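Peer 1: One structure coming up, written as structure tokens, with questions to follow.
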Amino acid sequence: MPKGPAGGPGQPTPSRPEEEGRDTRNTISHQTDPCPGDPLGAQGIVTDAVMLALVDEAPDALVLVDAKGCLALVNRQVEQLFGYSRNELVGQPVEILVPEAFREAHLTHRQDFAVRPRTRSMGVGLDLDARRRDGTTFPVEISLTPLSTVTGDMVIATLRDITERRAVSDERAELSRLRGIADIVSLHRDLTTGAALGGGIAGIAQALQRATDCPVAVEDSTGTILAWTDAVKPEPALAPGPARQRRLSEAHHARAFRHGPRLIAVACPDHQVLGIVSLIDPEARAGEVGTIALEQAATVLAMEVFRLRSVAETELAVWGDLASELLDNADVNRSRSHAQALGYDIDRPHRAVLVMRTEPKVGELMPAVRRATQRLDGDATLVTSRAAGVVLLLDHDLPWDAFSAAVAEENGGVHRIGVGSLRDAGDLHRSLADAEIALELTDQLGGGGSVVNIDDLGLWRLLAADADPSNLQDFVHRWIGTLIDYDASHSADLVTTLATYLESARAYDATARKLVIHRSTLRYRLGRIGELSGWSLGDPEHRFNLDLACRAWTTLNAACGPLGPGGTQVGPEPSSRSGPGPQSSR
């Protein structure tokens, strides 16, 4: 009698176990010669009763699906799980157990499975639902085992109700979500508390470091570091230049991105960059929690910057605009605080530009100055009104002739422009005084165009820069004081004659033409100058000092008013030379 396979005569011959995902169909063959004591039935044939008894004992719901996709066998657990009787299910398409919304897709998947059958174990991560007889659905986990029989290919499907497991998983997920929300709320509270309790932007940086254990840097839109938590002040997160501007223009509000060793979030609601927060994280240890914390910090930073701007705007409404404050107020730290809140850097040197109207009013001058500045791509942020005209504070130069033409086009009136020297924030009143002196000097000397730049005045600027006018007064008195006294008492013009003669390189004809006098008159005056002053015009050193004294005399007349007898000042010294500039016309 022929022997059966290794499993014994008449027993199912299992296929070799294969890796999951490959065809692992089990094969059941039937022996023609019975084996004595064979528990599978006479002739070694597995009867339906034996098979049903086997599957009914399984702890899970089992169904046997034939090649047509119909249920050939179900066990008792299927009846209990789905609410159908066995007779109601056998012969029905397996899709009877699938929710209606997924039946068409399931049919496609089943047909694909029939073409390439493979074992699929429990817990492969598929999110599946089944449908009961009453129409309710419930989550299931399903394993599939292809099986070859003498009647054709079949599939054994094992179904397990995971309602309780999913409920526990959902509870855990919900608990995790609530904890995450609580952590975010707690972080947001820490950040806002750090900012609110006097910490401001530094408080935000400190709270973020506590949450992430990474050094933090906060900077404004220009790259100025506003706060940091490390021992050493860091560099800006993005190096200055076109690449920085391009990256900031592409940034999304409070959305973190990595740039080298930094994790960066930009506070830019409405695409307006208010500030940048960064974690110094070269080893990328921040992770998801650190990223969320950084993005929260950027959100709070935007709120804090808006708050500071609102406070600054309210204060400036009382104290005047920032330009007037810089010209009038000696408290540079307070002005710096206001400027930072407005997103402006006053620590760069600025120059005062005074625009004076020389004809009757045609239109509003201040708006005209703003528009003219903007036409030349200048910064028209710091503009204020003064008694002498409109003052513009700039940290950069403009093409001044083009600026003058633009003001004329915008305003329609005739005007003159004085450009002061570059000064630090605490000395901007001196820059305004320089602009005023530049205009006065050109009036005294005659000539000059619509724009006068103090930087272009050479020796005149050097003379005007003396912080103590008494030094110049003493020098003038020593060299030409007698001539000033003589002019004052005799209504003469000896000082003017001397200055013009020296300026004309001692050329008689040129000097006479400029003074509109005869050569003989000039010769007489020069003689009197030598007699009264005691200085020789033939001595080079005397000529140099006399020329310098005449220029100083002109400078003092422009800066301090006319000089009286003895070379002393007649009028009061303008406050703009020793303190804040002329008061605003506000």
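Laboratory data are not the source of any read-out in this text; all were calculated from the coordinates shown. The shown structure was predicted, so the numbers you read here are calculated from the model rather than taken from an experiment. Using ideal geometry, Cβ is built from the backbone for each residue, glycine included, and neighbour counts are taken over all protein chains shown.
Peer 1: Between R76 and D331, what length comes free when the chain is fully extended (0.36 nm per residue of separation minus the Cα-Cα distance, one decimal in nm)?
Peer 2: On the way: separation 255, 0.36 × 255 = 91.80 nm, distance 9.05 nm.
Here the segment from R76 to D331 would lengthen by 82.7 nm.
Peer 1: So for K68, K514, fewest C-beta neighbours within 10 Å to most, what's the order?
Peer 2: Working: K68 11, K514 16.
Ascending Cβ contact count within 10 Å gives the list K68, K514.
Peer 1: What ranking do H477, H490, H188 get, fewest neighbouring Cβ atoms within 10 angstrom at the top? Please list the in-between numbers first.
Peer 2: Details: H477 19, H490 9, H188 16.
Ordered by Cβ neighbours within 10 Å, fewest first: H490, H188, H477.
Peer 1: Per-residue HN-Hα couplings for region 392-407, Karplus 6.51 cos²θ - 1.76 cosθ + 1.60 at θ = phi - 60°, whole Hz, x for Gly and Pro?
Peer 2: Values per residue, Gly and Pro as x: 10, 9, 10, 9, 8, 8, 10, x, 5, 5, 5, 5, 4, 5, 5, 4 Hz.
Peer 1: Modelling each spin label as a point 7 Å along the Cα-to-Cβ direction, I'd like the T151/R132 distance in nm, to one decimal.
Peer 2: 3.0
Peer 1: I'd like to know which of A286, L226, S249 lies farthest towards the positive end of the charge dipole of region 194-298, counting +1 on Cβ of Lys and Arg and -1 on Cβ of Asp and Glu.
Peer 2: S249
Peer 1: To continue, here is another question. In nanometres, what is the gap between the two model label sites at R172 and V414, each 7 Å from Cα along Cα-to-Cβ?
Peer 2: That separation, rounded to one decimal, is 8.9 nm.
Peer 1: Something else: Return the FRET efficiency for the residue pair T521, R348: r is the Cβ-Cβ distance, R0 is 56 Å, and the value is rounded to the nearest 0.05.
Peer 2: Numbers: r = 54 Å, r/R0 = 0.97.
After rounding, the FRET efficiency stands at 0.55.
Peer 1: Rounded, prolate or oblate: which fits region 173-302, taking a ≥ b ≥ c as square roots of the Cα gyration tensor eigenvalues, rounded meaning a/c under 1.5, else prolate when a/b beats b/c? Kindly include the intermediate steps, with their values, before the conclusion.
Peer 2: Working: a/c = 1.56, a/b = 1.43, b/c = 1.09.
Prolate.
Peer 1: Pulled fully out, how much extra length does the chain show between Q111 and F544, if you take 0.36 nm times their separation in residues and subtract their Cα-Cα distance?
Peer 2: Numbers: separation 433, 0.36 × 433 = 155.88 nm, distance 11.09 nm.
Extra length from Q111 to F544 when fully extended: 144.8 nm.
Peer 1: While we're looking at this one, here's another question. If you find the alpha carbon centre of region 380-416 and of region 200-215, how far apart are they in angstrom?
Peer 2: Computed from Cα coordinates, the inter-centre distance equals 44 Å.
Peer 1: Quote the charge dipole size of region 324-462 about the Cα centre in Debye, to the nearest 20; the model charges only the Cβ of Lys and Arg (+1) and of Asp and Glu (-1).
Peer 2: On the way: 14 positive and 22 negative charges, 48 e Å.
Charge dipole of region 324-462: 220 debye, to the nearest 20.
Peer 1: Then there is this: Compute the relative contact order of region 264-415 as a whole-number percentage, counting only Cα pairs closer than 8 Å that sit 6 or more residues apart in sequence.
Peer 2: On the way: 171 pairs, mean separation 29.3, N = 152.
Relative contact order here is 19 percent.
Peer 1: Taking 41 Å as R0, compute the FRET efficiency from the Cβ-Cβ separation of D213 and Q245 and round it to 0.05. Walk me through the numbers before you get to the answer.
Peer 2: Numbers: r = 32 Å, r/R0 = 0.77.
Computed FRET efficiency for D213 and Q245: 0.85.
Peer 1: Also: Extension gain D230-E288, at 0.36 nm per residue separation less the Cα-Cα distance, in nm?
Peer 2: Values: separation 58, 0.36 × 58 = 20.88 nm, distance 2.21 nm.
Gain on stretching D230 to E288: 18.7 nm.
Peer 1: Next question, about the same structure. So for C268, C70, fewest C-beta neighbours within 10 Å to most, what's the order? Display every interim value, and only then the final one.
Peer 2: Numbers: C268 21, C70 16.
Ordered from fewest to most neighbouring Cβ atoms within 10 Å, C268, C70 come out as C70, C268.
Peer 1: If I model a spin label at D509 and V90 as a point 7 Å from the Cα along the Cα→Cβ vector, what separation in nanometres do I get?
Peer 2: Here the answer is 13.9 nm between the modelled labels.
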